[in-house]
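Working notes for the structure below.
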Amino acid sequence: MPAVAPAVVGSHLNRSSKTVQQIFETHRSRLYELAVNADLGIRSEELELHFASMPLRYWPRVDGESLRWHLEMIHEFVDGLTRSDVLLAPPVMHWRHFPDRGFSEVVVCAWDRPGLLAKIAGAFAATGLNIVRADIYTRADNIVLDVFQICDEDLRHVEDISRLKQMEQLLAVAFSPNGGGDVVLRTWMQCAGAPERVAGGKAPTLTFDNDRFDDYTVLQVEAPDRVGLLHDILEAISTCDVDIVHAVIVTEEDEAADVFFMTGTDGRKIRDAGRLEQIRDMVRSALG
């Protein structure tokens with residue numbers, strides 16, 4: 001009898017898109033059967049929890065090899081927790097390279113917390129690494145799995161591993177329970193040099209969509225890409241008491257098209273026109 005995947009928790013999909021949801025669920029069920037039969041070396045309860053608590057949109061973007069990698073990372077993160085400081089647990093970061101596709105992939109596993117994504121983006125910027133795509137996933141148990149495609153200044157995969165190790169160290173310092181991590185991160189970003197706009201790029205545009213999704217306000221930002229762009233946007237949003245539930249970061253031909261699924265701190269859509277205008281002003285100011 002085929003293995004049956006646990007019920008999924010939270011899809012973050014447009015609820016009217018039933019066909020897409022069915023496709024995602026079918027792919028998820030196939031991966032679950034594959035994982036059960038392959039004996040990945042992960043405890044059954046960990047496997048069940050992952051399939052039950054990851055958002056549905058995660059499954060079309062993962063294959064068997066990536067699934068094993070993610071499960072091992074989450075196991076490493078959870079295994080390193082102590083009862084005394086679970087909320088201050090340092091992130092786990094691993095990477096792999098795709099030279100033929102011109103990028104390296106970095107995955108960060110951590111507890112969800114305010115400013116998490118901005119700090120990760122800042123650590124990339126401080127080491128001069130450019131994010132060309134990011135997929136942000138938050139499990140129902142509050143564990144975050146952030147997947148980044150990054151490249152160096154020459155639009156190649158990151159051959160200099162020391163830069164990734166440096167970024168990993170910066171990330172650990174940024175979340176240090178001793179405090180001062182933000183100061184260290186900002187100092188490194190300043191030393192990396194002020195990022196410049198791409199010459200001839202289009203003027204930035206910001207668009208809100210409060211109609212397509214039942215539970216989220218969507219902000220789409222299109223702007224010339226530069227190192228540190230994502231950090232600046234995220235830091236601006238964080239000053240507005242907004243929670244980013246999901247983000248899709250895509251860069252093509254030096255143009256960034258970033259989409260942020262947001263709620264207020266009460267977990268609801270942001271409907272107040274004044275709040276939306278405040279977010280627009282803060283992000284526009286960050287774009288320069």
(request) With the checklist (1) at pLDDT 90 or above; (2) more than 23 Å from T138 (Cα to Cα) in hand, flag the one item A236 doesn't pass. (result) (2)
(message) Let me spell it out: the conditions are (1) within 13 Å of the chain's Cα centre (by Cα); (2) more than 22 Å from H246 (Cβ to Cβ); (3) of a type in the set (V, I, T), and T127 meets all of them except one. Which number is the exception?
(response) (1)
(request) May I ask you to list the residues in the range 239-288 that are basic (K, R) and closer than 26 Å to R57 by Cα? (result) R268, K269, R271
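Hey, does the range 51-59 have a residue that's among the aromatic types (F, W, Y), in contact with a strand residue (DSSP E or B) (Cβ under 8 Å, 6 or more places away or on another chain) and modelled with pLDDT of 90 or more?
yes
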(message) If A121 meets every condition in (1) touching a His at 6+ places or on another chain (Cβ under 6 Å); (2) surrounded by fewer than 14 Cβ atoms within 10 Å (Cβ to Cβ); (3) modelled with pLDDT under 90 apart from one, which number is that one?
(response) (2)
(message) So D100 passes all but one of these: (1) free of Cβ contacts under 8 Å to residues at least 24 places away in the same chain; (2) in a loop (DSSP other than H, G, I, E, B). Which condition number does it fail?
(response) (2)
(message) I'm trying to understand the selection: among the residues of the range 19-62, which are within 18 Å of Y137 (Cβ to Cβ) and of a type in the set (K, R)?
(response) R28, R57, R61
(request) Just one of (1) surrounded by 14 or more Cβ atoms within 10 Å (Cβ to Cβ); (2) charged (D, E, K, R); (3) within 29 Å of R113 (Cβ to Cβ) trips up E25, so point out which. (result) (3)
(message) Checking G115 against (1) under 27 Å from V20 (Cβ atoms); (2) in contact with a Ser or Thr (Cβ under 8 Å, 6 or more places away or on another chain); (3) in the same structural domain as V173 (by TED's automatic domain parsing); (4) surrounded by fewer than 20 Cβ atoms within 10 Å (Cβ to Cβ): exactly one of these is not met. Which one?
(response) (1)
(request) Note down all Cβ pairs under 9 Å where the first residue falls in the range 80-96 and is in the same structural domain as L129 (by TED's automatic domain parsing), the second is of a type in the set (F, W, Y) and at pLDDT below 65, and they're at least six residues apart or on different chains. (result) none
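The rows are residues; the columns are (1) buried (at least 19 other Cβ atoms within 10 Å of the Cβ); (2) in a strand (DSSP E or B).
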position	(1), (2)
L230	yes, no
I244	yes, yes
V250	no, yes
M262	yes, yes
G267	no, no
R280	no, no
A286	yes, no
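The values are calculated or read from the model by the stated rules, or taken from the named source; none is laboratory data. Bear in mind the structure is a predicted one, so any value in this text is a computation, not a measurement. Quick reminder, even Gly has a Cβ in these numbers, built from the backbone with ideal geometry, and neighbours come from all protein chains shown.
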